[in-house]
Amino acid sequence: MIPQGIGVGITAEMPTLQSDLKEELQGMTTKVAAEVNPVTAVKNTAKISTIGEKLSSKDIKEMEGELNLSFPKEYKDFLLKTNGGMPEDEVEFDFIENGTSDEDEFEQGSDIHYFYDDNEIMESYENLVDEELIPDEYLPIACDSFDNQILLCLGKGDNYGTIYFADAESEESEDSGWVLSKVADSFIAFLGM
């Protein structure tokens, strides 16, 4: 037998607790949606002016087929919404740059000059892979103000979807291409830097 009066206060407080909980969940849902949605993440990071023609899912599938690569969903969503673009304000990011030897690591900073549209992606990819400056599982998606490349790793394995910085002025050796330095674990993480 439960003594009378126990739970009366809880019952009276239930509507308030439920309302508070609902508000808290809505706030968390909005925050998570912004972190997962690349377009929201870009808009929260910087205003992007669209530079490319509007793409369809079919256009992106054709690009993937032509390159024999599969893009992460968040990057496909970004291309569908913006197809490249230039930040209206300066957007900078920091990372640890790899040097030409194992001991050469140092803090580095760069910026996003602009994101490539579909045509620039294809042209840059073909040129950089043909010149053996980048491996064929890396997709150039943007450049900085000094024409260094920002790459999306699309190789199978743990690095899939990882963002790398390719320093156009550094080569490990004449036959090995540019030195690549990891910038972010994903496209979304990169946009949020």
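Taking 0.36 nm per residue of separation and subtracting the Cα-Cα distance, full extension of the segment from Lys61 to Glu169 would add 35.6 nm. Placing a pseudo-label 7 Å from each Cα along the Cα-to-Cβ vector at Asp185 and Asp147 gives an inter-label distance of 3.5 nm. Classified by the C-alpha gyration tensor, the stretch 116-193 has a rounded form. Its axis ratio a/c, with a ≥ b ≥ c, is below 1.5. For Ser186, the residues whose amide H sits under 5 Å from its own are Ile163, ignoring neighbours fewer than 5 places away on the same chain, with H placed 1.01 Å from N.
In this structure the amide hydrogen of Tyr138, modeled in the peptide plane, comes within under 5 Å of the amide hydrogens of Leu154, none closer than 5 places in sequence on its chain.
Close amide-amide hydrogen proximity is noted between Leu180 and no other residue 5 or more places distant or on a separate chain, at a cut-off under 5 Å (H modeled in the peptide plane; Pro and chain starts excluded). An oblate overall shape is assigned to the stretch 45-96, the ratio a/c of its alpha-carbon gyration tensor axes (a ≥ b ≥ c) being 1.5 or greater and a/b not exceeding b/c. Over 24 Å apart at the Cα level, from the set Lys81/Lys156; Lys81/Lys182; Lys61/Lys156; Lys47/Lys156, are Lys81/Lys156; Lys81/Lys182; Lys47/Lys156. Electrostatic tally near Lys156: other residues with Cβ closer than 13 Å to its Cβ, Lys and Arg +1, Asp and Glu -1, net -3. In this simple spin-label model, placing a label point 7 Å from the Cα along the Cα-to-Cβ direction at both Glu92 and Ser49 gives a separation of 2.2 nm.
FYI, it's all coordinate maths here, none of it is from the lab. None of these values were measured; they are calculated from a predicted model. We place every Cβ from the backbone using ideal geometry, glycine too, and count neighbours over all the protein chains shown.
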